[in-house]
Every structure is written in C-alpha cells, then in structure tokens.
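Q: A single structure is presented below for examination.
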Amino acid sequence: MSEKLKNALVEAINDEYKARATYRAVINTFGEIRPFINIVEAEGRHVEALLPLFAKYNIAVPEDDWDTRIEIPSSILDACMLGVEDEIENAEMYDRLLEATTDYPDVQAVLKRLQRASKENHLPAFQRCVERGGAQGKGLGNGRGDGRGNGRGQGQGQGRGRCSK
C-alpha cells in the first residue's frame, strides 16, 4: 500500500463525510426538501462504497466529525448553490485521485462510480434547484424512483431515482 493510495482514500471519504454532513444540516434547518433528501442518502452510500477499500488495504478509517465543522447556508437557494460548487469540486477531486491511484484497478472502479454519480446525478439536481431559485416544486412527492425516471411522486413528480453505488 502506497502513501498516495492512503491519502487518496482519506481525501475521498472526508469529502463524502463533508457532503453528507452539509446536506444533513440543510435538511435539519429547512426540512426534508429535494434534492437534499435524496442526495444525503447517496452520500452515505458513497461512504459505504469506500469502506471496503480501507479494510482491504489496511488503512485506518478517519473519524467523521464533519457535523461539527460545517456552516449552514442561510437559505435553500444558497444551499443549492453550495451543492453545485461542492459537486463540481468533488468531480475535480476524483480526477486527481484517479491519477494518483492508477496502480489500483479496484480503487479506480469505485472512484469512477462515485465521480459519475456526482457529475451525472448530484450536480444536475443541484443545478435544477438553483434554476428554481431554491423553490420547491409542488406535488413532487417523495422523489423515490428506480433510477430510470419511474418514480412514485405525485402530481408533477419527476421520479428521480437514487444514485446507486
């Protein structure tokens, strides 16, 4: 196990911890709003996807103390804009981490999946939130879906699926 691998995995999990804590704080402050209720669960799955790599390469899992380290945005719109910024930075971080882990195909596979979820699922969801001015659409239901647009939302439900890892 290289120091590069250790640093890459620690950076990745800390970034996922930070995102999860931020989105939890938004939910705790503004209520169970989309896209945060969907993406906070995905961030938890991202953490879970990284944990087996820590075990395999015998790397200590850093403590998740991010709930005490984040600042809560002042509005839903600010939270959505922060989500856009964070997901762009997340995708860029994974570009760096992929370069640093070329000797580990298993790590590469996980990092690519996490990056893809950030770019293709989370970022567009936050961009839509910004486009709405942070306003919650009416009749959106719970937003749960099968990942193919077949959701159970009511009214104008978009049926956005969860990011799967």
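Q: Apply 1/(1 + (r/R0)^6) to the Cβ-Cβ distance of R132 and D67, taking R0 = 25 Å, and write down the FRET efficiency to the nearest 0.05.
A: The pair R132/D67 has a calculated efficiency of 0.35.
Q: May I ask for the distance between the Cα centers of the stretch 113-135 and the stretch 1-70, given as a whole number of Å?
A: Their Cα centres are 17 Å away from one another.
Q: For the stretch 1-139, I need the span (max minus min coordinate) of the C-alpha atoms along each principal axis, in Å, sorted largest to smallest.
A: 49, 28, 21
Q: Between R116 and N14, what is the label-to-label distance in nm when each label sits 7 Å out along the Cα-to-Cβ direction?
A: For R116 paired with N14, the spin-label model returns 2.8 nm.
Q: Step through the residues of the stretch 97-111 one at a time and calculate ³J(HN,Hα) from phi using the Karplus curve (6.51 cos²θ - 1.76 cosθ + 1.60, θ = phi - 60°), rounding each to whole Hz and writing x for Gly and Pro.
A: So the Karplus estimates, Gly and Pro as x, are 5, 5, 5, 7, 10, 4, 7, 10, x, 5, 5, 4, 4, 5, 4 Hz.
Q: So what are the ³J(HN,Hα) numbers for the stretch 48-62, from phi and the Karplus equation (6.51, -1.76, 1.60; θ = phi - 60°), rounded to whole Hz, Gly and Pro as x?
A: For the stretch 48-62, the Karplus curve yields 4, 5, 7, 4, x, 5, 4, 5, 4, 9, 6, 10, 5, 7, x Hz.
Q: Let me ask another. Give me a comma-separated list of calculated 3J(HN,Hα) values for the stretch 85-90, in order, Karplus coefficients 6.51, -1.76, 1.60 applied at θ = phi - 60°, integers in Hz, x for any Gly or Pro.
A: Using θ = phi - 60°, the values come out as 4, 5, 6, 5, 4, 4 Hz.
Q: Okay, moving on. By average Cβ neighbour count within 10 Å, what is the ranking of 25-37, 56-68, 116-128 from highest down? List each step's numbers first, then the result.
A: On the way: 25-37: 17.5, 56-68: 12.2, 116-128: 19.2.
Highest to lowest by the protection proxy: 116-128, 25-37, 56-68.
Bear in mind that the values in this text are calculations on the coordinates, not laboratory data. In this text, all values refer to a predicted model and were calculated from it rather than measured experimentally. Every residue, glycine among them, receives a Cβ derived from its backbone with ideal geometry; neighbour counts consider all protein chains shown.
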